[in-house]
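Visitor: Before I ask anything, here is the structure I am working with.
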Amino acid sequence: MSGGDSSWTTAIRVGDRVNMMVDSVWRVAKVLAITESQFRCECIQQINGRTRREFIRKTSERLAPAGTKCAIPAAQPAAQPQPAAPEQAVAAAPLLPEANAAAMPFAGSELMNHFGATLSVNDKCDCKDNNKWRSSTVIGARADELHIHFDGWDSRWDEWVPRRARRLQPHNSQTGGQFTGDPKRNQQPQQNIPAGFFDPVVVDNSHKNWKRVLSHGMGDPQVKMLDSIFDTACKLQDVQRNIVLGRQYDSEKLQKDLSEFEAEVARAAASGALPAHASGYLQACKTIIRDIHSTLEETLRVKRRQALQSKEDLYFRKLQKQFYFVTIPSDGNCLFGAAGRGMKFGKQLSECQHDGEVKKHVDLARRINSEESSTIATDYRLQAVMRLQGDEKYAGRVGLELKHAVQTASTGKGNPTSKTLLEQMRVAFPGEDLMSAAETKKAIGIYCQVMMSPRVFGTELEAQALSEVLQAPLHIFYRVSKECANQEQGEFKATNIIGQEFEDLNPPVCLAFYMGKSHYDLLIKRHPSPDPMEVKRKEDRIRNRKENGFQKYRLVFTQCRGGPNENLRLRSIKFFKYSKKIDIGPPGHPGGHSPSDMGPSCLIDGSEKTSLIDLNFSKNKKSVLVFKFKEPMVVTEYELEYSKQNPASDPTSWEIYGDTKEDGLVLLDKQSDLKARDGSVGGKIDYFVKPKPKDEEKNKAEKSAKEQREGAVDNSSEAAGAEAKKDPSGEKKSNESESGGGATQETDAAELEQGVDRNNNQDAAPKAKQIDGESSNQEEEKKQKDKGETPAGAAMDTDTSAVDEAEPGAEAKAKSGEGMSKKEEELKGGEKPNTDGGEELGLNPT
């Protein structure tokens, strides 16, 4: 393909493949970036173990469409090209003064073994010199060696090479006929310099080679002028590379350098002092200036867009405190889809009593699938456009909208809707003035036809018609230059209100408009009354934190004794829980900077020689320490110990917070402008709930009640013992009644079988059994109360008291008769207890 035809480059996109000549070898390359007049390309195959990347102009002869020069990577060329003509080789010499084997067309050729054995004096060959192949001549010969002279180089570089060495190869097999001699000896006419040489972006040459080629036939003043221009061009191109690659650069300095360079090139061209072959370089410099200006404009446009996006994101983050966001698909129907969803839930939202009910409707609005959302949007789109087409009051506004679309889209700007309208207007009014045709009925019909199409962005005109269809106002929120103008008493006001006449008919539909991407989302306002469940959960969290403490504490120092320019210094920090010291680990230090031996770990090492230093305190105006515990911990006191080295670095103001995920930071204590006392200062935290001491009166009442119960047990035991002495059979009844009241049945059975004389223990045993029975009954009653059942002991006590009133001496009998279960009877031996005596057990009642 001829070097002048570069129309094919307009279809190239980032990532496409092209053929690029690198070191006189056509290679397959990938396009990494595209500017107005250049490609940044990367060779697919590595050269000498390195990846080759470079900028190359779109009009350069070294660039060709993929597959036209080489079908496979250059490491394995599909066909071996013919050696270049002598004049071409000489002309390319300034570009390739030191071509190596991997860079030559024939560098991949197979090396022959023992080729030197066939050579004789005056024969030509290719000889490898320091990893570079050079055209050579044999000037001497021995039995095993050849005396080699490198063509184009001084005789002092001649050397003897063994005949069997693989450094000797057939002539032009490795150099491809290219000039490999000393570049200083290449004295060909400069008008034969190839067309891509004056491309300062493609830095294939050293500074000396540039100067050597361009300065041919010039005097010293001309050389100095050209040399200055070349230096400035290379520096500017380096800055342009940094811009394209996203690196940092000084915009003001670049603008100044560009202005000076442009003036310098203009002076050199106007002087006429440079020869013809250097004038082409000046034209290339002018192209460089235009290209850098284009790159700068694009970069500044991207920066402005990013800054706008950042400010817009901040605005909507603040807006989230007032509204819930319902994301609408970005399919061109966002205006109609958002308004449709807002009307669907508008009535229910107006009837909500608290924020919890609002959240339920928000969840329902978010769960609408894309198919249902598209149906809602299409329905409202058709209604709004029919309103525009049927109402004559919109005709003038439609004409203005068409004119605006034609103006913006004609200059390459505008949104997709403007571009679509421009295309349709050109088809409908070929060769006519579109600005004049925009007010005709035909143009209005074209506008409505385009707006009825799905996935076409709606404008403010459609929003006005949509408000009339919905009979509801549209409150649109978007960021303006003066954000404070939107706020009133901490709440954001709508930036634009469409359909104010419907404020009394229906609640407003709130929309968020993103100017950076021309998109609408639905906004649902939070209810002023909080969710009761959320309030309860928050109260529970607060109560839990007051009782158990925080797992993370944040200590923020805001002032030093020496002022804002001092670096904070602190010796140690101690935490206490009700005067008991707490073990803490090394704190985190976000945003701080300390020397390696003066970090946060010095605060807990217990050494008097080390201390924490924050070198960023003067920069950040604060220093933050974060203490983490494995479990929530209560901290009621803390102590800060100052460093004695520099009193001006002592902190005098700070705040301590409890850090939570749910509720953020909770302020626990705040101190300001404090002075040290004996090198340390402390503080107390009153946030936590102190453990309450037991009520003394309650303890006394419980103690007296217990004593009364024990006294009653003693009296009943003594009465039962006295009666047992008179009547042995009564002793058994009493014992059996005591066992029925809760004594252990296995113990009674064992005593009966062994024939133990109960008369010896009639004072002590009944008392002990009675106490054990009452404690067992109390435990059983407690378990039944926990289960919500009526304690059996309570009923038994009621029955027993009734018996006492009727017959005072029948307590033991009532207990023995009513309190024994079937299981207890089985433990007795499976028989009904004998109240007349122990004859059946083989005991003597006397």
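Visitor: With the structure loaded, tell me whether K517 is at pLDDT below 90 and more than 23 Å from T660 (Cα to Cα) or whether it fails that test. Give the derivation first.
Guide: Values: at pLDDT below 90: yes; more than 23 Å from T660 (Cα to Cα): yes.
In short, yes.
Visitor: Given the conditions (1) at pLDDT 90 or above; (2) closer than 29 Å to R541 by Cα, and given that K622 satisfies all but one, which numbered condition is not satisfied?
Guide: Going through the list (1) at pLDDT 90 or above; (2) closer than 29 Å to R541 by Cα, K622 breaks only (2).
Visitor: Looking at the stretch 1-109, what strands (runs of 3 or more DSSP E) fall wholly within it and have at least 1 residues that are more than 37 Å from the chain's Cα centre (by Cα), closer than 30 Å to R167 by Cα and modelled with pLDDT of 50 or more?
Guide: The qualifying strands (runs of 3 or more DSSP E) are 17-22, 25-34.
Visitor: Report every pair of residues separated by at least 6 positions or lying on different chains whose Cβ atoms are under 7 Å apart, first residue within the stretch 493-508 and more than 7 Å from P473 (Cβ to Cβ), second surrounded by 16 or more Cβ atoms within 10 Å (Cβ to Cβ) and hydroxyl-bearing (S, T, Y).
Guide: T495/Y478
Visitor: So which of R554, R541, R526 is touching a residue at least 40 places away in the same chain (Cβ under 8 Å), farther than 27 Å from A377 by Cα and surrounded by fewer than 18 Cβ atoms within 10 Å (Cβ to Cβ)?
Guide: R541
Visitor: Is it true that some residue in the stretch 583-601 is of a type outside the set (S, T, Y) and closer than 14 Å to N646 by Cβ?
Guide: Within the stretch 583-601 (the criterion being of a type outside the set (S, T, Y) and closer than 14 Å to N646 by Cβ), the answer is yes, since at least one residue qualifies.
Visitor: Among all residue pairs at least 6 apart or on different chains, which show Cβ distances below 7 Å where the first residue, located in the stretch 282-298, is more than 17 Å from M225 (Cβ to Cβ) and the second is hydrophobic (A, V, I, L, M, F, W, C) and open to solvent by 40 Å² or more (accessible area, probe 1.4 Å)?
Guide: T295/V244
Visitor: Check Q353, Q322, Q283 and return the single one that is touching an Asp or Glu at 6+ places or on another chain (Cβ under 7 Å) and not charged (D, E, K, R).
Guide: The conditions single out Q322.
Visitor: Checking the structure you have, find out if any residue of the stretch 300-316 is over 20 Å from R479 (Cα atoms), open to solvent by 30 Å² or more (accessible area, probe 1.4 Å) and modelled with pLDDT under 85.
Guide: Looking through the stretch 300-316, at least one residue is over 20 Å from R479 (Cα atoms), open to solvent by 30 Å² or more (accessible area, probe 1.4 Å) and modelled with pLDDT under 85.
Visitor: Can you tell me which residues in the stretch 427-454 are touching a helix residue (DSSP H, G or I) at 6+ places or on another chain (Cβ under 7 Å) and of a type in the set (G, A, S)? Break it down into steps so the answer makes sense when it comes.
Guide: Restricting attention to the stretch 427-454, the residues satisfying the condition of being touching a helix residue (DSSP H, G or I) at 6+ places or on another chain (Cβ under 7 Å) are 428-429, 434-435, 437-439, 442-444, 446-448, 450-452, 454.
Listed by number, the residues that qualify are A428, A437, A438, A443.
Visitor: Say we look at the stretch 597-635 and pick out the residues that are touching a His at 6+ places or on another chain (Cβ under 6 Å) and over 19 Å from F575 (Cα atoms); which of these is surrounded by the most Cβ atoms within 10 Å (Cβ to Cβ)?
Guide: N616
Visitor: Could I ask something else about it? For the stretch 545-625, give me every one of the strands (runs of 3 or more DSSP E) that falls completely inside it and has 2 or more residues that are farther than 20 Å from E655 by Cα and over 34 Å from the mean Cα position of the chain (by Cα).
Guide: The qualifying strands (runs of 3 or more DSSP E) are 580-582.
Visitor: Pairs, please: C-beta under 9 Å, at least 6 apart or cross-chain, first residue open to solvent by 60 Å² or more (accessible area, probe 1.4 Å) and in the stretch 110-126, second acidic (D, E)?
Guide: K124/D151
Visitor: May I ask you to list the residues in the stretch 427-440 that are surrounded by fewer than 19 Cβ atoms within 10 Å (Cβ to Cβ) and either free of Cβ contacts under 8 Å to residues at least 24 places away in the same chain or not in a helix (DSSP H, G or I) (or both)? Write out each step before concluding.
Guide: Going through the stretch 427-440, the residues surrounded by fewer than 19 Cβ atoms within 10 Å (Cβ to Cβ) turn out to be 427-433, 435-437, 439-440.
Listed by number, the residues that qualify are V427, A428, F429, P430, G431, E432, D433, S436, A437, E439, T440.
Visitor: For residues that are surrounded by fewer than 23 Cβ atoms within 10 Å (Cβ to Cβ) and touching a strand residue (DSSP E or B) at 6+ places or on another chain (Cβ under 6 Å), scanning just the stretch 130-143, find the one that is nearest to G176 (Cα to Cα).
Guide: T137
Visitor: Can you spot a residue in the stretch 262-282 that is at pLDDT below 55 and of a type outside the set (A, V, I, L, M, F, W, C)?
Guide: Taking every residue of the stretch 262-282 in turn, none turns out to be at pLDDT below 55 and of a type outside the set (A, V, I, L, M, F, W, C).
The values are calculated or read from the model by the stated rules, or taken from the named source; none is laboratory data. Keep in mind it's a predicted model, so treat the numbers as computed, not measured. Positions of Cβ are generated from backbone atoms using ideal geometry, with glycine treated the same way; all protein chains shown enter the neighbour counts. For accessibility, only protein heavy atoms count, side chains too; no ligands or nucleic acids. Shrake-Rupley method; radii C 1.70, N 1.55, O 1.52, S 1.80 Å.
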